[in-house]
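Reading through the C-alpha cells given below for one structure.
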Amino acid sequence: MATLPSKPIADDVSLLVVLIDTNPFFWSTSSSSLNFHQFVSHVLVFLDLIVRLSQLNQIVVIATGHNTCDYIYDSSLDTDQVTGEGELPALYSFVLQRLEEFVDKDEKLGAKQEGLSEKRASSLLSGSLSMALCYIQRVFRSGPLHPQPRILCLQGSPDGSEQYVSIMNAIFSAQRSMVPIDCCYVGSHNSAFLQQASYITGGVYVKPQHLEGLYQYLATVFAVDLHSRSFLQLPRPAGVDFRASCFCHKTTIDMGYVCSVCLSIFCKHHDKCSTCGSVFGKAQLDAASDRKRKASES
Amino acid sequence: MNNSEKKRMNGEAEEENEEDVEDEGRDAWERTYTDERSWEALEEDESGLLQPIDNKAIYHSQYRRRLQSLSAASAASRIQKGLIRFLCVVVDLSKAAGEMDFKPSRMAVIAKHVEAFIREFFDQNPLSQIGLVIIKDGVAQSLTELGGSPEAHIKALMVKLGCSGDSSLQNALELVHDTLHKIPSYGHREVLILYSALSTCDPGDIMETIQKCKKAKLRCSVIGLSAEMFVCKHLCQETGGSYMVALDEGHFKELLLEHAPPPPALAEFAIANLIKMGFPQRAAEGSIAICSCHREAKVGEGYICPRCKARVCELPTECRFCGLTLVSSPHLARSYHHLFPIEPFTEVSARQLELSRVASKTCFGCRESLLTPGTNKAGPCAACTKCKQYFCLDCDIYIHESLHNCPGCESRRITPAAASVTMS
C-alpha cells in the first residue's frame, strides 16, 4: 500500500543519507591521489557543512563494506557527545571511532571466508542502498512534516555484476518514492549502475577529475537542497549507456534476442534458454513430454 | 466491524442469502450496531483513559494473509509468471454504471481507478500492452487499440464517459476474442471486465462464446460492482480467471490493483519464443532529427533504432519503420523481481524476541526500536529465514511490496559456491 506523500517541513530542509565505500580491496589498490584517510577527512568536513546549513537538516551515514554494511551515524539520535576528543569536534571523533569499529568488523567477517579471489573487489552497495531506503520510509511514516530525503553514494569500488538485480530493485523503489540517488564516483572507470541510478531517479552523477579537491565538488554540487537545485547548473549526464549485456558473453549488444519466459538476453538465436530451460517454438507441455520420453527410452 | 473485515480478507462476495435469513425489518446499517458492536473493542488503561485502537496489527495480519496465499500458489506447482501480457480492459458503461452507490457515480469511480491501474500496470509490466473496450447501448466498441503508451489510453477514456443502455457480455467477449486473436503466440492473453450491470443482453448463446474464449486461451477476470452473477462466475471458472465483487471504493481499488502484477500463468498458455529486440542508444546532445512518432524535427534527447536508424522519442516502443521492439535494459530489469522473488519473513512473537539474544532490539532496516513505545516490552516483528535478521512490521511490508530486496541478505557476502540462482 503506497502511503500518501506527507508534507516536507520547508523547502530547504533535507535529510541526507550518505553511503561511504570502505571496501579495503579498492582503497588499498587505488592508484589515484586520494587515500582513505584523506577521503574521510573531505567527507567529514562536508557532513559538518550540511549540519551547519540548517538546524533542521539531518544526516545519516551508512558504511558499505566488502562483507557487510552498517549504520555509522544518525544525527537525530540523542547521543551524549558534548565534548570531542582533543581538538576535533564531537561529530568527527564519533564518526571516526564508529568507522574504525566497522572496518575491524568487516575485516573479521572476511577472514572467515577463504579462497576469495582479488578480482571480486566490489562492495555491497545493494545492502546499504536497501538500508537507506528502509530508513527513508521510516521518515515518511514519522509524521505529517518531515525533511526532504535524498541519498548520496560515495563509491569507488567497481560494479559487482551479481548485484545487478538487487541494485535495479532498489533504484525502482527509490524512483517510486521520489528519492533522488546522487553519486560521486572516486574510482577509476565510470560505474554504469550508478549512472543509471542517477538518471532514473533524477539525481546527479559526478566523477571528479581532481580528487585532491573532492570537498569542493561535494560542497558545490551535493550540499544544496532539492528545491534549490532547479536554480543551479548541475553536471548533466553525458552518455548514459542503457544497452544490455548478453547473458552468454557479457558483451554489450544493441540488438538481441529476449526469452519471453524469463527475459534473459542472448546475442544469437538458441534452441533452448539457458536460464529457465524453456524450449523455444514448442509449447511447454510438448517439450516436457519429449524430455520424459527421451529419459524413459534411454 | 470484524465480520466485514473477515469477509474482505477472504475476498468473498457479499452473500445475498444473508439478508433473507436474518430479520427483514432491519437495514444493513442497523445490523452493524446489533451484530458488530464496535464499541466493545475499546480498551482503557490503568488511569481510565482510552487507549488508541491498534490498527497496525490488523493491517499487518491482512498483508501477511495476502502474501501467504500468493506464495503458496506459486510454490505449490512450478507455475511461471506471464511477463509479456496483452490485457484488454472492458468497462461497462451501461445505465447501471450511472448508479450513485459509489460516490459520485460508479462510472467516475471506475474511471479514476482505471487510470491509476493503467499507470501501475505499465510500471510493473513495461513490455506489455493494454487495449480498452467499452460496452454501451448493448454494443461493444473498441476505445483504443493494443498499445504500450499509458497516456493515450487514459486520454481516450476520460473523453468518452457517458453511460446509457444495456450491457452485453457476449458482444464484449466476441470483440475481445477477435482483438486478442492476432497477437503473437508468446504473449499471455488476458481480459479484465469491470461489470456494473446485473444482466446481459446477448444476441446468441453466451456459453458458446465462453467456450470459444477458453479454447483461445484467454484468461478472463471480472470485478463486479453490484452483486455476484452466475454467468460471470462461470466465465471465470472456465477460463481460469478470478471473480471478485467490490464492497466499496477502497475495496474496488484493492481488487483492481491486484491485477497489476503478473498472474501465475500455466506453461501451456503461451509458447516460449525468442523475441528480437533492440536496445537503442540515446541520441547525441544537440543532434537534430525528424522523429518518427510526431513527424517533426526535434533536437537532442531521443533514441536511435539500431536497425533502421530512425529516431524515436520514448521507450519502450515499436519502431514505426522496421517493426523492431525497442526497449532499454531497465525496462527488462523492472520484471526481474517477479522472477527472483524474496521469501516471506516469519512472524516473531514478542515472547520469542525477548528470549532471543540480540544485543540491541532494533529493526535491521530502519533502526527503529522493536520495543512497544512507552514500555520495555518487545512488540511483534518479523525475521528473515535466510539471514535471521529482525525487521519491524512496516519494513516487512515495504520490503515485500516495493523494494523486493532483503537488506540483511544483501549485506552479507555469500561465497560463489553458495550463491547459485536457478530459475527452472
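The values are calculated or read from the model by the stated rules, or taken from the named source; none is laboratory data. Just so it is clear, the structure is predicted and the values come from calculations on it, not from any experiment. Cβ atoms come from the backbone with ideal geometry, glycine included; neighbour counts cover every protein chain shown. We work out accessible area using only protein heavy atoms, side chains counted, and drop any ligands, DNA or RNA first. Shrake-Rupley method; radii C 1.70, N 1.55, O 1.52, S 1.80 Å.
Filter the range B:316-326 for residues that are part of a loop (DSSP other than H, G, I, E, B) and either more than 10 Å from chain A (Cβ to nearest Cβ) or closer than 28 Å to B:Tyr398 by Cα (or both) and give the result. Passing the criteria: B:Pro316, B:Cys319, B:Arg320, B:Phe321, B:Cys322, B:Gly323. Within the range A:253-277, the set of residues being assigned to a strand (DSSP E or B), within 9 Å of chain B (Cβ to nearest Cβ) and out of contact with any Cys (no Cβ under 8 Å at 6 or more places or on another chain) comprises A:Met255, A:Val258.
The residue of the range B:403-424 that is most open to solvent (accessible area, probe 1.4 Å), among those that are modelled with pLDDT of 75 or more and not in a helix (DSSP H, G or I), is B:Arg412. Contact map, the range A:230-259: first residue touching a residue at least 24 places away in the same chain (Cβ under 8 Å), second residue part of a loop (DSSP other than H, G, I, E, B) and among the basic types (Lys, Arg), Cβ cut-off under 8 Å, separation 6 or more or different chains; pairs are A:Cys248/A:Lys268.
Scanning the range B:184-204 for residues that are open to solvent by 20 Å² or more (accessible area, probe 1.4 Å) and either within 14 Å of chain A (Cβ to nearest Cβ) or free of Cβ contacts under 8 Å to residues at least 24 places away in the same chain (or both) gives B:Pro184, B:Ser185, B:Tyr186, B:His188, B:Arg189.
Please identify the pairs in which a residue from the range B:282-304 that is away from chain A (no Cβ under 14 Å) and part of a loop (DSSP other than H, G, I, E, B) has its Cβ atom under 8 Å from the Cβ atom of a residue that is surrounded by 16 or more Cβ atoms within 10 Å (Cβ to Cβ) and not β-branched (Val, Ile, Thr), counting only partners at least 6 apart or on another chain. Correct list of pairs: B:Ser292/B:Ala310; B:Ser292/B:Arg311; B:Ser292/B:Cys319. Looking only at the range B:67-103, filter to residues that are exposed (fewer than 15 other Cβ atoms within 10 Å of the Cβ) and within 14 Å of chain A (Cβ to nearest Cβ); which one of those is modelled with the lowest pLDDT? By that ranking, first place goes to B:Ser77.
A:Cys246 falls short on exactly one of the conditions (1) over 26 Å from B:Cys308 (Cβ atoms); (2) more than 7 Å from every other protein chain (Cβ to nearest Cβ), and that condition is (1). When you check B:Ile271 against the structure, is it under 23 Å from B:Ser335 (Cα atoms), out of contact with any strand residue (DSSP E or B) (no Cβ under 7 Å at 6 or more places or on another chain), buried (at least 16 other Cβ atoms within 10 Å of the Cβ) and within 8 Å of chain A (Cβ to nearest Cβ), yes or no? Here the answer is yes, as B:Ile271 does meet what is asked.
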